[in-house]
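Please read the structure below before turning to the comments.
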Number of protein chains: 2
Amino acid sequence: MLRQNLPVTLEEVARHAGVSTATASRVLNGTVGVRENTRRRVLAAARALNYSPNIHASALASGRSRILGVILSNVENPFFLDVFRSMDEAATEAGYSLVMEHTSYQPERLVSSLKAMSGMHLAGVALVASEVEQGVLDSLSRRSLPIAVYDAAHPAPHITSICVRYNVGMRRAVEYLHSLRHKRMAFVGHHAGLAPLQERKQAFVESMRQYAPKAEFSTAEHDDTPQGGRQAAATLLDSGFSPTAILCVNDFMAIGVLRELRERGLRVPEDVSVTGFDNINLSEFTVPALTTLDIPRWRIGRLFFDALVNHQSSTRFSADTVIEPELVLRGSTGIAPDHRNGNPKSRQRP
Amino acid sequence: MLRQNLPVTLEEVARHAGVSTATASRVLNGTVGVRENTRRRVLAAARALNYSPNIHASALASGRSRILGVILSNVENPFFLDVFRSMDEAATEAGYSLVMEHTSYQPERLVSSLKAMSGMHLAGVALVASEVEQGVLDSLSRRSLPIAVYDAAHPAPHITSICVRYNVGMRRAVEYLHSLRHKRMAFVGHHAGLAPLQERKQAFVESMRQYAPKAEFSTAEHDDTPQGGRQAAATLLDSGFSPTAILCVNDFMAIGVLRELRERGLRVPEDVSVTGFDNINLSEFTVPALTTLDIPRWRIGRLFFDALVNHQSSTRFSADTVIEPELVLRGSTGIAPDHRNGNPKSRQRP
DNA sequence: TTGAAAGCGTTACCAA
DNA sequence: TTGGTAACGCTTTCAA
């Protein structure tokens, strides 16, 4: 088996089964109205010849493909990767493939990725990215292609938006830390120029204002990496502001924040408490384990897939799905419940 | 701009420029022998109409595509992800796209991914996986498709193999620890049933034998995740064998090993030393920072790309490229040089 | 229930 | 230097 050097075509399968390519195509696409006997012969021939359809020919002829596009801001951040893996799992189960691009949060790269993908005649595109500008969304909404966006400020018609209430999560974190008597808190983020991230920072600021003037705060930002988190923490601490709690925009950066604190001899949580966001697998492996807000990435990936493939409600103006982050308490804020079950709702996968 | 609802075709571009589709195609593919004036007109038309070629039509007509397939054992492990990102960078620069699949180390999934990819008429496939069986390699070598494999035991004709001398790296680690007077060492791995991983474990065992009977050793294995590393460490420690050094098959698992040791009140490096493999970015962020063996993933990704796209030496029986891992010393083995420059050769990217 | 044949958007060969 | 046109492998009417 697998002996042939040249790809087997539908025509050969058809000939082998003694039918026309039309019939062979019908069988292989699960169309009804084919005699059971014929169907069996075609299937047998396909298997015998180890036939695998030429997706290019198929896409060209039918005008649609079973390939989805996914654009991520930062593959290196496990948050994005998990959403991707989850979509991929759903896609594979349904016989779809994924084409992935990443942008490093650069709006131009988003546009060029989109352009490259537009030549692929995809079945849909998921924008799991923070650099989605309104203009892009608008122009996309004119096309027939199914589109789904992560956390878009103002979704456009015909575009599904999957929203996470970051402000709710942020408020929960601030309130929790406030209840622990923290008075000087800082926020560590990245790419504050991009709307969704701006908004998260804003949520922090507003939550803090609620406790002013007794509570002070500061913010810092750098790249979305552990290195970036470390840098941001360094900037913060060098500025003279000495926070007793640092809230990070995500767990990935928090890893670096923890490192910098340790490097400076600051103990966590005794001297400084730290929180993250996302509840990535790694957040259980930091020292100390990280208090964070859970975002159910496995659910989100499936939501994306469903939005693109079974876009049930394509008639609705825009089908939004809203998710609220939940607080997960671990050692980095002082209370250290058993680390072994720090996972509330979303399932962590191996 | 981007106003059109339906995709623009080559024919429209040609009409707009007042030439035939043949000429338009020639211009867009950079063929020589087109009058400068005509070329400019076509280019202008393409830009004006925001043309993006239908890759399916193009692939079907030409029989080749600018898409590469990549199969990874475990995307979650940053080692594989880095190789992927590096290939992706090289690919994007050259106008190629990547289609990625991952297998969780299951040979059957490797085969089914390969089959799915075979319908895509790819420009080449990179197997960055440990579960590549000889039979698969042999059948692949009959096809005309360029193939490159990571660390294959016995590469087949026409298949490029990119090899890392894990045994050399492992020996270096063992020798280093031996020079530090460690007598009881353990190896933590995963999927010992797969040849390449079997070999790494074997390298450990043989290196240890060299010091027998004065030196004792033990091994344990679990999944290729931090959780798996933690499990393996737990098994090891519960077995009664008390190693003074644990060598991990990779950094990703080492993260979990460090966690389990800490959980049990064992200090690293005072009570137990730990080493990893790969030198992933995260290895500088563990507590303590991880001694490891650097594997230049950025170089490897580029090697893969070049092997597939500019397969210069396709005439040679098999063009192997050999890489030797280099020891990177950090805190987890006791000597803690400045963490800020623990990176010998390979550049770490943001 | 099946087959013939007209595309789908490119590429590439052959003429002009 | 250009244009006409036959593929490429499949899907999908339309007839039979």
Point to revise | Complete set of residues in segment A:120-154 that are aliphatic (A, V, I, L, M) and away from every other protein chain (no Cβ under 14 Å) | key: A:Ala126, A:Leu127, A:Val128, A:Ala129, A:Val132, A:Ala148, A:Val149, A:Ala152, A:Ala153
Exercise for review: Inspect segment A:67-78 for any residue being modelled with pLDDT under 95 and out of contact with any Gly (no Cβ under 8 Å at 6 or more places or on another chain) and give the result as yes or no.
Suggested key: yes
Check your understanding: What number of residues in segment B:292-315 are at pLDDT below 90 and under 11 Å from the mean Cα position of the chain (by Cα)?
Key -> 0
Exercise for review: Please specify each residue of segment B:8-43 satisfying the condition of being open to solvent by less than 60 Å² (accessible area, probe 1.4 Å), under 23 Å from A:Leu145 (Cβ atoms) and either among the acidic types (Asp, Glu) or assigned to a loop (DSSP other than H, G, I, E, B) (or both).
Suggested key: B:Val8
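Conditions (1) touching a Gly at 6+ places or on another chain (Cβ under 8 Å); (2) within 12 Å of chain B (Cβ to nearest Cβ); (3) without any contact (Cβ under 8 Å) to a residue 60 or more places away in the chain, marked per residue:
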{"position": "A:Lys183", "(1), (2), (3)": "no, no, no"}
{"position": "A:Ala186", "(1), (2), (3)": "no, no, no"}
{"position": "A:Pro196", "(1), (2), (3)": "no, no, no"}
{"position": "A:Val205", "(1), (2), (3)": "no, no, yes"}
{"position": "A:Gln210", "(1), (2), (3)": "no, no, yes"}
{"position": "A:Asp224", "(1), (2), (3)": "no, yes, no"}
{"position": "A:Gln227", "(1), (2), (3)": "yes, yes, yes"}
{"position": "A:Leu247", "(1), (2), (3)": "no, no, no"}
{"position": "A:Pro269", "(1), (2), (3)": "yes, no, no"}
Review point. Among the residues of segment A:158-169, is there at least one that is within 14 Å of chain B (Cβ to nearest Cβ), more than 21 Å from the chain's Cα centre (by Cα) and modelled with pLDDT under 90?
Key: no
Review point. Does A:Ala44 satisfy the condition of being more than 12 Å from DNA strand C (Cβ to nearest atom), outside the structural domain of A:Asp151 (by TED's automatic domain parsing) and not acidic (Asp, Glu)?
Key: yes
Review point. How many of the residues in segment A:44-87 are charged (D, E, K, R), assigned to a helix (DSSP H, G or I) and open to solvent by 10 Å² or more (accessible area, probe 1.4 Å)?
Key: 2
**Study point:** Residues satisfying the stated conditions in segment B:175-186, i.e. in a loop (DSSP other than H, G, I, E, B) and buried (at least 19 other Cβ atoms within 10 Å of the Cβ)
**Key:** B:His182
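Residue-by-condition table, conditions (1) more than 30 Å from A:Val136 (Cβ to Cβ); (2) among the aliphatic types (A, V, I, L, M); (3) away from DNA strand C (no atom under 13 Å from the Cβ):
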residue	(1), (2), (3)
B:Val8	no, yes, no
B:Glu11	no, no, no
B:Ala14	no, yes, no
B:Ser20	yes, no, no
B:Thr23	yes, no, no
B:Asn37	yes, no, yes
B:Leu49	no, yes, no
Check your understanding: Residues that are open to solvent by 10 Å² or more (accessible area, probe 1.4 Å): which strands (runs of 3 or more DSSP E) entirely in segment A:187-306 hold 2 or more of them?
Key -> A:216-221
**Study point:** Selection status of A:Met117, away from DNA strand D (no atom under 16 Å from the Cβ), within 19 Å of B:Arg66 (Cβ to Cβ) and either assigned to a helix (DSSP H, G or I) or more than 13 Å from chain B (Cβ to nearest Cβ) (or both)
**Key:** yes
Point to revise | Any chance A:Arg171 is in a helix (DSSP H, G or I) and assigned by TED's automatic domain parsing to the domain that holds A:Ser283 | key: yes
Check your understanding: Quick one: is B:Ser97 in contact with a helix residue (DSSP H, G or I) (Cβ under 6 Å, 6 or more places away or on another chain), under 26 Å from B:Pro7 (Cα atoms) and away from DNA strand D (no atom under 16 Å from the Cβ)?
Key -> no
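Does segment A:137-155 hold any residues that are farther than 30 Å from A:Phe187 by Cβ and outside any helix (DSSP H, G or I), and which are they?
A:Arg142, A:Arg143, A:Ser144, A:Leu145, A:Pro146, A:Ile147 - these are the residues of segment A:137-155 that are farther than 30 Å from A:Phe187 by Cβ and outside any helix (DSSP H, G or I).
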Check your understanding: Just checking, how many residues over segment A:101-140 are at pLDDT 95 or above, touching a His at 6+ places or on another chain (Cβ under 9 Å) and open to solvent by less than 10 Å² (accessible area, probe 1.4 Å)?
Key -> 1
Review point. Taking segment A:61-105 as the search range and keeping residues that are over 30 Å from A:Leu10 (Cα atoms) and of a type in the set (S, T, N, Q), which one is nearest to DNA strand C (Cβ to nearest atom)?
Key: A:Thr103
**Study point:** Residues within segment B:29-63 that are on the phi > 0 side of the Ramachandran plot and polar (S, T, N, Q), tallied
**Key:** 1
Practice item. Take A:Arg64 and decide whether it is within 11 Å of another protein chain (Cβ to nearest Cβ) and either among the basic types (Lys, Arg) or away from DNA strand D (no atom under 12 Å from the Cβ) (or both). Key: yes
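The values are calculated or read from the model by the stated rules, or taken from the named source; none is laboratory data. Since the structure is predicted, the reported quantities are computational estimates derived from the model, not experimental observations. Methodologically, a virtual Cβ is constructed for each residue, glycine included, from the backbone with ideal geometry; neighbour enumeration extends over all protein chains shown. Heads up: the accessible areas ignore ligands, DNA and RNA and are worked out on the full protein's heavy atoms, side chains in. Shrake-Rupley method; radii C 1.70, N 1.55, O 1.52, S 1.80 Å.
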